[in-house]
Amino acid sequence: MGRHREFDVEKALDAAMCVFWRKGYEGASYTDLTEATGVERPALYSAFGNKEALFNLALAHYNEHYLTHIPEALAKPTAREVAAHMLYSTADLNTRYPDHTGCLNINGALATSDASESIRQALIETRAAGQLRFVERFERARAEGDLPQSAKPAALAAYLMAVLHGMAVQAKAGFGRDALEGVAEQALSAWP
């Protein structure tokens, strides 16, 4: 019979996620991860696997627990409300935690070494899947008459994602919530 874990796996995963959120995949060392989680390296390996596996679990944890505003936004009755909910919720999330600003999906691995290419690709795929959800929602909005027939759902989704991603980068650079809400307001002023 194996030894029982002597730590809360969810708490350790959340702590590791915060390290990756703050430092990115390559910037997070095992020392950072063990200090944040309070779990020794062998126990971390045993519970989560290698660093890449831990990052992927942390990313899934982030998407499940911190991006709840996405399904909320997609359920809004109009395309403009979808965009507004996303923009203002992003301003909030990207600045809510002073010690890990921005967005894990954006700042986790924009550029990586060749050894970490799989992490960069996983994040690209995560962002692309999110963008597709907005394309589909805006196609529905156009079909329902909420958006004009001349609207281009794929372009609108790409525009929204570009603004959201830019807001994450700005938050990581120290922009505050007021500044990001100003960006949200400006983006909405251009909405069809």
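Can you tell me the accessible area per residue over the chain, all protein chains present, probe 1.4 angstrom, in square angstrom? Can you show the working numbers first?
Details: 9760 Å² over 192 residues.
Here the per-residue accessible area is 51 Å².
Just to verify a number: what accessible area does H100 come out at with the full protein assembly present, 1.4 Å probe, Å² rounded to tens?
10 Å²
Note down, for the chain, the three equivalent ellipsoid semi-axes (square root of 5 times each alpha carbon gyration tensor eigenvalue), biggest first, whole angstrom. Before the final figure, lay out each step's value.
On the way: eigenvalues 240, 57, 43 Å².
Whole-Å semi-axes of the equivalent ellipsoid: 35, 17, 15.
Using a 1.4 Å probe on the protein chains only, how many percent of the accessible area of segment 72-143 belongs to carbon and sulfur? Write down the numbers at each step before the final one.
Values: 1750 of 3310 Å².
Of all accessible area on segment 72-143, carbon and sulfur atoms account for 53 percent.
Karplus couplings for segment 65-74 from phi (6.51 cos²θ - 1.76 cosθ + 1.60, θ = phi - 60°), rounded to Hz, Gly and Pro as x?
9, 10, 10, 5, 5, 5, x, 4, 5, 4
At R96 and A190, where each label point lies 7 Å from the Cα along Cα→Cβ, what is the point-to-point distance in nanometres?
With each label point 7 Å from Cα toward Cβ, the separation is 2.7 nm.
The values are calculated or read from the model by the stated rules, or taken from the named source; none is laboratory data. None of these values were measured; they are calculated from a predicted model. Cβ atoms come from the backbone with ideal geometry, glycine included; neighbour counts cover every protein chain shown. Heavy atoms of the whole protein, side chains included, go into the accessibility calculation; ligands, DNA and RNA do not. Shrake-Rupley method; radii C 1.70, N 1.55, O 1.52, S 1.80 Å.
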